[in-house]
Amino acid sequence: MRLVIYNGAKLGVLRGDTVIDITDLVEAGPSWPPTFFVRAVAEFDRLRPAIEARLASPGRPLVSVKLESPVVFPSKLIAAPVNYRAHIDEAQSWEWMKEEIHGIDKYGVFLKAPSSIIGPNDVIELPPLDRRFDHEVELAFVIGKRARQVSEADAMDYVFGYTGAMDITLRGTEDRSTRKSFDTFTPVGPVLVTRDEIADPHTLGLQLFVNGQLRQDANTRDLIWKIPKLVSYASHVMTLYPGDLFITGTPEGVGPIVPDDRVTLRIDQIGEMTIGVAARVAHFPFAGQTTP
Ligand code: MN
């Protein structure tokens, strides 16, 4: 199933180009904290027969709805650093890169703030810093059930589904968790595809375009740590909960974005979305404390 969230936290299933609303099949819950998505994921096996029965109902055209992030309020956003070999070589070649770049074997995983998530109709807002901001395109996946110390062999049982993500990055000396956690720095979407629909998530082409120009073009077969290892490793560090979002790392082709750019993500079997870039008008009074 291809799940979407749209028009103010409505939950739907995409059937071709038609959205079928299933919001009422999930207990509504409070508007804050917005737990409907996590609960839908946690209870999906129980809900599935009712959802499948609903798919015979008429829906509304996809073009008539406003898509939002298909992942809402995950307890964690877990990210993989330098998880493609060609990106290691690329990052090491940047003349301003002062540190030695290693692969994920050396770094493990890191966390981004879940509050950085935005959807397909939102805009990346760059804070007023005279520094480089980069795009990264990544395959993302969502955890379906509580996972603690699971083996690589069992890890795929804990994956709920797949989506796309951009990991927007401020360059500089701050910790990754700061540089990548500004509000709007994790566009997610356009849809969340359940695991049963993608036979092998390690054969997906993924691309990123800036203003229509191809910047990144790779395949998930070249991931250094594939999904089972990411799940197993992280689950030996922290308990994973339904709805938790992983972003698997970016391939080569990383480059800068500036206000007024339009950034397009495209991933096989998931889809495509284009996000605008703007200058954030909010004051940022700490620029002098950082190293350009
Ligand atoms: Mn990344």
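Computed values, structure above
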quantity: Conditions (1) within 15 Å of the ligand (Cβ to nearest atom); (2) assigned to a helix (DSSP H, G or I): number failed by D157; calculated: (1)
quantity: Selection status of Q269, in contact (Cβ under 8 Å) with a residue 60 or more places away in the chain and within 24 Å of W94 (Cβ to Cβ); calculated: no
quantity: Filter result for the condition that a residue is more than 17 Å from S177 (Cβ to Cβ) and more than 15 Å from the chain's Cα centre (by Cα), over G119, G108, G103; calculated: G103
quantity: Pairs where the first residue, in the range 71-98, is more than 30 Å from A40 (Cα to Cα) and open to solvent by 70 Å² or more (accessible area, probe 1.4 Å) and the second is within 16 Å of the ligand (Cβ to nearest atom) and outside any helix (DSSP H, G or I), C-beta under 8 Å, 6+ apart; calculated: R85/G103; R85/I224; D89/E252; Q92/I101; W96/R171
quantity: Residues that are over 13 Å from the mean Cα position of the chain (by Cα) and within 12 Å of the ligand (Cβ to nearest atom), drawn from the range 178-222; calculated: R179, L208, Q216
quantity: Residue within the range 226-235 that is without any contact (Cβ under 8 Å) to a residue 60 or more places away in the chain, away from the ligand (no atom under 16 Å from the Cβ) and more than 14 Å from E138 (Cβ to Cβ) present; calculated: no
quantity: Residue check, L170 over 14 Å from the mean Cα position of the chain (by Cα), without any contact (Cβ under 8 Å) to a residue 60 or more places away in the chain, over 21 Å from V19 (Cα atoms) and open to solvent by less than 30 Å² (accessible area, probe 1.4 Å); calculated: yes
quantity: Members of the range 127-154 found to be within 20 Å of the chain's Cα centre (by Cα) and either modelled with pLDDT under 95 or within 16 Å of the ligand (Cβ to nearest atom) (or both), listed by number; calculated: F133, D134, H135, E136, V137, E138, L139, A140, F141
quantity: Test result for I78, within 15 Å of P187 (Cα to Cα), within 16 Å of the ligand (Cβ to nearest atom) and either in contact with a Lys or Arg (Cβ under 9 Å, 6 or more places away or on another chain) or of a type in the set (D, E) (or both); calculated: yes
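The values are calculated or read from the model by the stated rules, or taken from the named source; none is laboratory data. Because the structure is predicted, anything quoted here is derived from the model rather than measured. Methodologically, a virtual Cβ is constructed for each residue, glycine included, from the backbone with ideal geometry; neighbour enumeration extends over all protein chains shown. Protein only, heavy atoms only, side chains kept; ligands, DNA and RNA dropped before computing areas. Shrake-Rupley method; radii C 1.70, N 1.55, O 1.52, S 1.80 Å.
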